[in-house]
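Only one structure is covered here, and it is reproduced in the block below.
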Amino acid sequence: MADLSILAGTYKGTRLKTPEAANTRPTSARVRKSLFDILGDLSGSSVLDLFAGTGALGLEAASRGAVSVTFVESERKAVESIKKNGLLFQGVKLDVIRQDVFRFLKKNDSLFDLILADPPYGKVNLDGLAELALQWLSPEGRLMIESSVRESWRPERARVKEYGDTQISIFSS
């Protein structure tokens with residue numbers, strides 16, 4: 001098992017376990033730090049972590065003040081890992097849903113202040129993902145989609161930042 005650590009907030013330094021066998025590509029510490037610096041204060045936020053993988057993005061949000069985080073991930077080993085790591089985060093409402101992200105978004109009925117999406121590079125229709133996810137943003141909400149710069153996806157409505165091979169696109173509702 002590899003280790004990731006929470007970078008800031010209440011649970012700073014908490015080590016997260018990640019399953020080796022899961023097909024996950026954790027967001028690098030550098031990109032996570034930059035992303036959360038941009039997002040700022042998350043106190044009281046409800047967060048949706050799509051393609052949750054290791055859960056590091058959603059758990060980082062929990063450490064930085066989010067009151068609830070819903071993780072959506074289809075891979076069983078990743079879901080088990082998120083549930084184990086979630087036990088370390090007392091006082092934050094954490095829901096882990098094992099389901100296809102697009103199926104979840106089509107049936108969802110909740111609004112979120114922040115939606116974090118880190119889909120597998122090159123395997124997801126990013127325009128379709130953005131369109132579906134934007135429906136579930138609360139007023140003043142934000143959507144972040146991580147992608148590879150090699151995907152040549154430059155959404156018009158988003159603030160786009162690049163970090164090496166990683167592109168972060170942030171949409172506001």
- Query: Would you pick out the residues in region 36-69 that are of a type in the set (D, E, K, R) and surrounded by fewer than 21 Cβ atoms within 10 Å (Cβ to Cβ)?
  - Reply: D37, D41
- Query: of a type in the set (G, A, S), touching a residue at least 40 places away in the same chain (Cβ under 8 Å) and in contact with a Gly (Cβ under 8 Å, 6 or more places away or on another chain): does that describe S110?
  - Reply: no
- Item | Qualifying positions in region 28-60 - aliphatic (A, V, I, L, M) and closer than 15 Å to R15 by Cα | A29, A56, L57, L59
- Message: Can you tell me which condition V69 does not meet? The list is (1) at pLDDT 90 or above; (2) closer than 24 Å to V149 by Cβ, and all the others hold.
- Response: (2)
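For (1) closer than 29 Å to G13 by Cα; (2) β-branched (V, I, T); (3) at pLDDT below 95, each residue gets a yes or a no:
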| site | (1), (2), (3) |
| --- | --- |
| A78 | yes, no, yes |
| S81 | yes, no, yes |
| F89 | yes, no, yes |
| N108 | no, no, yes |
| F112 | yes, no, no |
| P120 | yes, no, yes |
| V124 | no, yes, yes |
| A130 | no, no, no |
| W136 | no, no, no |
- Would a scan of region 9-17 turn up a residue that is among the hydrophobic types (A, V, I, L, M, F, W, C) and part of a loop (DSSP other than H, G, I, E, B)? no
- Message: When you check A66 against the structure, is it in a helix (DSSP H, G or I) and small (G, A, S), yes or no?
- Response: no
- Task: Kindly list the number of the only condition in (1) under 12 Å from the mean Cα position of the chain (by Cα); (2) surrounded by fewer than 19 Cβ atoms within 10 Å (Cβ to Cβ); (3) part of a helix (DSSP H, G or I) that fails for P26.
- Result: (3)
- Message: Looking at region 128-138, can you tell me whether even one residue there is among the charged types (D, E, K, R) and closer than 18 Å to L48 by Cα?
- Response: yes
- Message: Can you pull out every residue in region 131-161 that is over 20 Å from G40 (Cβ atoms) and of a type in the set (D, E)?
- Response: E131, E151, E156
- Message: Out of everything in region 8-59 that is among the hydroxyl-bearing types (S, T, Y) and closer than 22 Å to E75 by Cα, what residue ends up being modelled with the highest pLDDT?
- Response: T54
- First in region 152-173 and under 18 Å from L137 (Cβ atoms) and modelled with pLDDT under 90, second anywhere and of a type in the set (A, V, I, L, M) and in a strand (DSSP E or B), Cβ under 8 Å, 6 or more apart: S173/L137; S173/L143
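The values are calculated or read from the model by the stated rules, or taken from the named source; none is laboratory data. In this text, all values refer to a predicted model and were calculated from it rather than measured experimentally. A quick note on method: Cβ atoms are made from the backbone with ideal geometry, for glycine too, and the neighbour counts reach across all protein chains shown.
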